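Note sheet for the following structure.
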Amino acid sequence: MQTRASAADEQDWIRESLAEPVARAQWRVWRYRAPAIVLGLSQRRLHDAVAARAGEALPVLVRASGGGAVLAGPWMIGATVLLPSRHPLAAGALIDSYRWFGELHMRVLRAFGVESRLLSPQELRESDSRVDGFEPLPWACFGALSPWELVDDVRRKLGGLAQQRRASGIALVAGTLLWRPPWSLLCEALDRGDALEALTRRTIDCESIRESAGFAPSSERQREDFASDLAAAIDAALASALEGD
């Protein structure tokens, strides 16, 4: 199901859905109406300070999963999958339960002219943690890398993954950058203004990848059409993978 919503709506849906046993696979594809900062659970003590710097126009939330802060907004498509705790797609090692989700996004994006690849656990262990010369930024979701996330050929991050595991079920979450986010909003709110260049250089987006492949720059109308079509394609791919489970 594709929906236009706020980041708060997404977090509410996940929390309410996991409050009871998840009986069957469910999913949502999110088009965010407005910007918001979503802190990882380990960052919850920073909430008041971050909210004060962000101001009233930029809501600050805390999610129930770990990782760094996410800058949600119209420049990102989110996808959430809820699975019963014993679902086959959640079997095996914790890290491996991400893989099918990353592969699904990679296939859909390729059909839209966005070439990317999955970052394997082995590559993550053996490769230099720097990207384009910049060290990881663990306080930002898109400032660091995790297994099976989407990257380009030089490991700039295109899509992030997270999950929550409860006795009631499992939530898998993905976020994909459509075009370049205003990273300064996140850096200033987290009091990390000196990291703006590093965060910009460690990330990539669908629009930039398409332009480097020869696509013309997008107008605002074309951006909206692309986002809508991509969200519909992700929704259809999830329906194919999950319906009947």
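Note that the chain presents 46 Å² accessible area per residue, ligands and nucleic acids not counted, probe 1.4 Å.
Amide H contacts for G67 (H built 1.01 Å from N in the peptide plane; partners 5 or more residues away or on another chain; cut-off under 5 Å): L41, S42.
Between E115 and A8, the FRET efficiency estimated from the beta carbon spacing at R0 = 30 angstrom works out to 0.35.
Karplus-based coupling profile of segment 152-169, in residue order and whole Hz: 8, 5, 10, 6, 6, 7, 9, x, x, 10, 8, 8, 10, 10, 10, 4, 7, x, with θ = phi - 60° in 6.51 cos²θ - 1.76 cosθ + 1.60 and x standing for Gly or Pro. Computed FRET efficiency, Cβ-Cβ of R53 and A239, R0 35 Å: what is it to the nearest 0.05? Efficiency, from the Cβ-Cβ distance: 0.30. Around the amide H of R166, modelled in the peptide plane, lie the amide H atoms of A171, all under 5 Å away and 5 or more residues distant in sequence or on another chain.
The Kirkwood radius of segment 104-242, taken over pairs of alpha-carbon atoms, gives through the Stokes-Einstein law at 20 °C and 1.002 mPa s a diffusion coefficient of 133 µm² s⁻¹. Residues whose amide H falls under 5 Å from that of W27, counting only those 5 or more places apart or on a different chain, are L82, with hydrogens built in the peptide plane.
The modelled label-to-label distance for the pair L94/R15, using points 7 Å beyond Cα in the direction of Cβ, is 2.3 nm. Protein heavy-atom surface of the chain, 1.4 angstrom probe: 51% of the accessible area is carbon and sulfur, with nucleic acids and ligands not counted.
The values are calculated or read from the model by the stated rules, or taken from the named source; none is laboratory data. Model, not experiment: these values are computed from the prediction. Positions of Cβ are generated from backbone atoms using ideal geometry, with glycine treated the same way; all protein chains shown enter the neighbour counts. Side chains are part of the model used for accessible areas, which takes the heavy atoms of the whole protein and leaves out ligands, DNA and RNA. Shrake-Rupley method; radii C 1.70, N 1.55, O 1.52, S 1.80 Å.
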